[in-house]
Every structure is written in C-alpha cells, then in structure tokens.
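The values are calculated or read from the model by the stated rules, or taken from the named source; none is laboratory data. Here the structure is a predicted model, which is why all the values come from computation and not from measurement. Here the Cβ positions follow ideal geometry from the backbone for every residue, glycine too, while neighbour counts run over all protein chains shown.
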Amino acid sequence: ELKVEQNPLFLSMQEGKNYTIYCNYSTTSDRLYWYRQDPGKSLESLFVLLSNGAVKQEGRLMASLDTKARLSTLHITAAVHDLSATYFCAVVLYNNNDMRFGAGTRLTVKP
Amino acid sequence: EPEVTQTPSHQVTQMGQEVILRCVPISNHLYFYWYRQILGQKVEFLVSFYNNEISEKSEIFDDQFSVERPDGSNFTLKIRSTKLEDSAMYFCASSEFQQSNEQFFGPGTRLTVL
C-alpha cells in the first residue's frame, strides 16, 4: 500500500528565513505533486515532478524529487507572510489514478 | 482560464438522506476524480473516472457512493444514505491525460450531515 509521509506537520517561521518540507513515500512512483491550500479554499497546484532529479522553482519555492530515495523536498527561501498556508505532497503510482496525499504541512510565517 | 466548478458550495442534509454533488470539469479533460477532506485532515482519494466508467476507487468508496457523467459536461457524486461521518469537503478534479498530468481541483462542496 502506498503511504505518503510529510514532515514537519506544523512549521512556524520568521520572515526571511529558509526551511525545507520533506515528503517520503513508500513505493515506486512516477509522479509527485505539490499543492497549496489556503484555509477554507481548494487545492492549488504548485509543482509536478515526473523524473528522478527533477527540480522546479517558482518564486521563493523550489521542489525536488529523488525517486531512488522516494523523497521529495519543498524548499522555502526567504519566507514571506503570503506563503502561510498548508502544503500537501501527493503521489501517484505508475499507470494508476489513485493519488495519495500526505498529511500536509501547516506553514505559518510570522513578521 | 478554464476551471473546474462545483455546486452547491455548501450542502446540509439529514442523516440517511441522499445527496448529489455536482461538478463541471474543464471541457477538454478526459479524466475525472472525487476526493474528500474531513475538516483539518488530509485529502483522501475516492474515485477516478474515464471513458464513462470507474478506473480506480479507494476503500472509502463503498456501495453507498456512486458516480455518473449524465451528460457531456457534468460529473456527479451520489451518496445514497448519508452518515454523520460523511461530513467533509468534497473536491472534484479533472486532468487532460492520465500520465504525467496534473489534476485541477474545483472549489469544493462542504457537506454537513446532521
């Protein structure tokens, strides 16, 4: 059974600081996604990672994928308050539509 | 920009009643999905749908759930006899392809079962 673990579950940061969120998964996958969710809102797609070594960056967020280690990271650079949200990673098994989400990381960026 | 829409935004129902949640996927997308999120918890996969049939379903998607694409645009989730524990946010999503393709999520329907 595919399991997806995120850590930390809660993250409180000062503005301007850097931090990394980790996403581990238990079986072989060829697709990993990062989503952002604001309170009471839907899921916004941030990154799609499709191959080993994939790295994508958008603004202050950078995501990477190591399929051999079954690990993805979401790195936050020089955090700002607007990044406060819950971040989910999600993994899909090869040739499958069953997307499994991690528990989410609730990020709070304080001034 | 095309987006997934869902109606209603909030549905309140009595335990044991049937509810139908509606979704309009992005028009050129071929794969459709339902997820649920119990308040404060993670997003859980329910079912995926392609070519007018279910392609995957989770253990949550038992006999009280069904999905349908009654016309060319709508995609519905029916819960036959609601239970208190069905209270959650239900998200519809769609994707253009199966492989290598991101899923776009709708705004969600908050279902409250009393």
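Values as computed for the structure displayed
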quantity: 3 or more residues touching a Gly at 6+ places or on another chain (Cβ under 9 Å), of a type outside the set (Lys, Arg) and at pLDDT 95 or above: qualifying strands (runs of 3 or more DSSP E) within the range B:60-114; calculated: B:88-95
quantity: Residues of the range B:40-56 that turn out to be of a type outside the set (S, T, N, Q), surrounded by fewer than 13 Cβ atoms within 10 Å (Cβ to Cβ) and more than 19 Å from residue A:5 (Cα to Cα), as a count; calculated: 1
quantity: Search result, residues across the range A:59-76 that are under 17 Å from residue A:107 (Cα atoms), touching a Phe, Trp or Tyr at 6+ places or on another chain (Cβ under 7 Å) and in contact (Cβ under 8 Å) with a residue 40 or more places away in the chain; calculated: A:73, A:74, A:76
quantity: Extreme residue, farthest from the other protein chains (Cβ to nearest Cβ), among residues of the range B:77-98 that are in contact with an Asp or Glu (Cβ under 8 Å, 6 or more places away or on another chain) and surrounded by fewer than 17 Cβ atoms within 10 Å (Cβ to Cβ); calculated: B:81
quantity: Members of the range A:36-92 found to be under 17 Å from residue B:102 (Cα atoms) and among the β-branched types (Val, Ile, Thr), listed by number; calculated: A:48, A:55, A:91, A:92
quantity: Matching residues in the range A:1-18 - criterion: being in a strand (DSSP E or B) and more than 12 Å from the chain's Cα centre (by Cα); calculated: A:10, A:11, A:12, A:13, A:14
quantity: Hey, residue B:40 small (Gly, Ala, Ser), under 24 Å from residue A:38 (Cβ atoms), modelled with pLDDT under 90 and over 15 Å from the mean Cα position of the chain (by Cα) or not; calculated: yes
quantity: Among (1) modelled with pLDDT of 90 or more; (2) over 24 Å from residue B:10 (Cα atoms); (3) more than 10 Å from chain A (Cβ to nearest Cβ) - the single one residue B:28 does not satisfy; calculated: (1)
quantity: Top-ranked residue of the range A:65-111 - restricted to ones that are more than 9 Å from the chain's Cα centre (by Cα) and among the polar types (S, T, N, Q), ranked as nearest to the other protein chains (Cβ to nearest Cβ); calculated: A:97
quantity: Selected residue (criterion: surrounded by the fewest Cβ atoms within 10 Å (Cβ to Cβ)) from residues of the range A:1-58 that are of a type in the set (Gly, Ala, Ser), in contact with a Phe, Trp or Tyr (Cβ under 8 Å, 6 or more places away or on another chain) and more than 23 Å from residue A:69 (Cα to Cα); calculated: A:45
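To keep it simple, each residue is scored yes or no on (1) within 13 Å of another protein chain (Cβ to nearest Cβ); (2) more than 26 Å from residue A:33 (Cα to Cα); (3) surrounded by 16 or more Cβ atoms within 10 Å (Cβ to Cβ); (4) touching a Cys at 6+ places or on another chain (Cβ under 6 Å).
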| residue | (1), (2), (3), (4) |
| --- | --- |
| B:2 | no, no, no, no |
| B:17 | no, yes, no, no |
| B:36 | yes, no, yes, no |
| B:58 | yes, no, yes, no |
| B:72 | no, yes, no, no |
